[in-house]
Amino acid sequence: MSIPFARCAPVSSSQLSALVWPDPRYTAYPTTDRFVEAHTSKQLTQALQLRRANVATTAIPLSVYIHIPFCESLCYFCACNKNVTRDHGLARKYLAYLGRETDLYADFLGAGQPVSQLHLGGGTPTFLSNQELAALVAKLGAVFNLAKGGEFTIEVDPRSVNASRLRVLASLGFNHLRIGIQDTDAAVLKAVHRAQPAAGLVDLVSASRDLGFESVSLDLMYGLPFQSPDSFARTLESALEARPDRIALYAYAHMPERFKSQRRLSAGTLPGATARMAQLLQSISKLIDAGYEHLGMHQFALPGDALAIAKRQGRLHCNFHGYSALPDGDLLGLGVSSTGRMGASCSQNTRILSDYCDRLERGHLPVMSGLAMSRDDLLRRAVIMAVMCHGQLDFESIELAFLIDFRKYFGAELESLQNMEELGVVSVDRDGFSLTQAGWYVASAVAMVFDRHQREDQKRAAFSRVL
């Protein structure tokens, strides 16, 4: 049986399933699971000093991500780094340490660095009070030059915001909202321990538009306990009624051995592979029919949204935190578990709050792990980003940039692409390859072909089976 994607070539459900589930999202490469503890704050410091010393690199755009780890209640499905507490005094202490980390970056880079993108994620950034958010933005503004026309995004919990709170966020300079809805079905929300009123979503999005937010994105999650294709269809209808600028569909990954909170969910209540696939496919169809354009990674935007325009014009980029309409550049990650990239140096902060504070007390950047990207990593990053953001790759552009013969360097990878060409998700010719319309829905699987680390894992697994 073939699945009739709206305005897409048909792909069999079994083949699509084999492509969709195992692959990383590839918002960046290499992925964080490849980071090593041998890469410390020393390596990051050296990368910061190189940026400051080189006139060419100081012109590279700078983005800042800040992780706010606090939540007042525990959502059982959550795989984010979080501290569940109702003690808001912890937030004040945390902001003080964020200030210390910000000052360290200013020491290495120099004050007044232009920042074109700012993203507050969590946890729950709106755990912070209006006064605390204002203090954080003021601190950032004192250290960095928050550029006019930049992307300043905050993730909000619909249980902790109203029109009045949104007005404060707009006054602080935030111009993009991400609202984590996940689901609207009462049985699903009860199962995942998320008390959330179903009403008010339309008013919340409408208030955001009235206040001048440039985009509002709703995050939905499929594959949760007690979800069915019918119940998730109702959730999607509620989201479409609000008519947000963007909608993101995230797949729930059940890994109780890794995330303690997920042990409270019974595997028997989770929808099976067929039901999950049905949820995804019908959601794609409904979103396309409602006029949304697919960006990649199961993220959708209205045609007039900045991301949709950037994709059509070939200007779409992404970093560790998703798609952006602004040029790619260096990324500073502030706060526990935050990830950043400075030149060829990738790093991630410690995930433990007490360790984060202790390292800053000693005057060190709180780096837990990282990776110094090799020439091969940089090459493969360029290929993977071309797949994820543009859906096509011209061999000659990579050959000129990295002085290689593409077909020789990636001979094994191009052989693997032949199977995907047979599936109808890529089209390959002598000059390059491109995703088909259906291929955009499995872009991560195509990108994974060029992931050297994944290929080496597969080789080691095959060798182990032989032994």
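The values are calculated or read from the model by the stated rules, or taken from the named source; none is laboratory data. This structure is a prediction, so every number in the text was calculated from the model and none was measured. Cβ sites come from the backbone with ideal geometry, for glycine too, and all protein chains shown count toward neighbours. Only protein heavy atoms, including side chains, enter the accessible area calculation; ligands, DNA and RNA are left aside. Shrake-Rupley method; radii C 1.70, N 1.55, O 1.52, S 1.80 Å.
Worth a mention:
- Of all accessible heavy-atom area on the chain, the percent that carbon and sulfur account for (1.4 Å): 53
- Among [x] 1.15; [y] 0.97; [z] 1.33, the entry derived from the coordinates for Cα Rg over 2.2 N^0.38 Å: [y]
- Cut-off 12 Å between beta-carbons: net charge of the residues surrounding residue 338, Lys and Arg +1, Asp and Glu -1: +1
- FRET E, pair residue 290, residue 328, Förster distance 35 Å, beta-carbon r, rounded to 0.05: 0.70
- Net charge contributed by nearby residues that have their C-beta within less than 13 Å of residue 187 (K/R +1, D/E -1): 0
- Segment 208-344 shape via C-alpha gyration tensor axes, a/c threshold 1.5: oblate
- Accessible surface calculations at 1.4 Å, restricted to protein heavy atoms, place the chain at 43 Å² per residue.
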